[in-house]
1. Tell me which residues, restricted to the stretch 21-70, are in contact with a Gly (Cβ under 9 Å, 6 or more places away or on another chain) and touching a residue at least 40 places away in the same chain (Cβ under 8 Å).
2. In the stretch 27-70, which residues are more than 25 Å from residue 14 (Cβ to Cβ), of a type in the set (Asp, Glu) and surrounded by 12 or more Cβ atoms within 10 Å (Cβ to Cβ)?
Amino acid sequence: MQRSTLIGLKIGLLALLAFIAAIGMSVNAPASQWLKEAFLGLSFGFGFGLGLPDAAAYGAATLIFVAVFFAGYFIGKTATKKLDG
């Protein structure tokens, strides 16, 4: 596996963890519950705020988590390729 791919995966994971921590820190819950709180909070926002059905709200929250990971992955991969030359 290429070095840029590995660094991209690490940056993507760090971006996802930072996103989860940013949402999870807003509730009074232990750190082990942050993932659940972040997912359910996003789902609630889509369901209540946008009026989506439950399944669509869960799907939209899942897409947001995947999008945050892939955004971090592509940023890390392209930055590594540019730094390597």
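The values are calculated or read from the model by the stated rules, or taken from the named source; none is laboratory data. Nothing here was measured: the structure is a model prediction, and the numbers come from that model. Glycine gets a Cβ as well: all are built from the backbone with ideal geometry, and neighbour counts include every protein chain shown.
1. Within the stretch 21-70, 68, 69, 70 meet the criteria.
2. Once the filter is applied, which keeps residues that are more than 25 Å from residue 14 (Cβ to Cβ), of a type in the set (Asp, Glu) and surrounded by 12 or more Cβ atoms within 10 Å (Cβ to Cβ), the stretch 27-70 yields nothing.
Here is a yes/no grid of residues against (1) assigned to a helix (DSSP H, G or I); (2) modelled with pLDDT of 95 or more:
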{"site": "1", "(1), (2)": "no, no"}
{"site": "9", "(1), (2)": "yes, yes"}
{"site": "13", "(1), (2)": "yes, yes"}
{"site": "17", "(1), (2)": "yes, yes"}
{"site": "23", "(1), (2)": "yes, no"}
{"site": "29", "(1), (2)": "no, no"}
{"site": "33", "(1), (2)": "yes, no"}
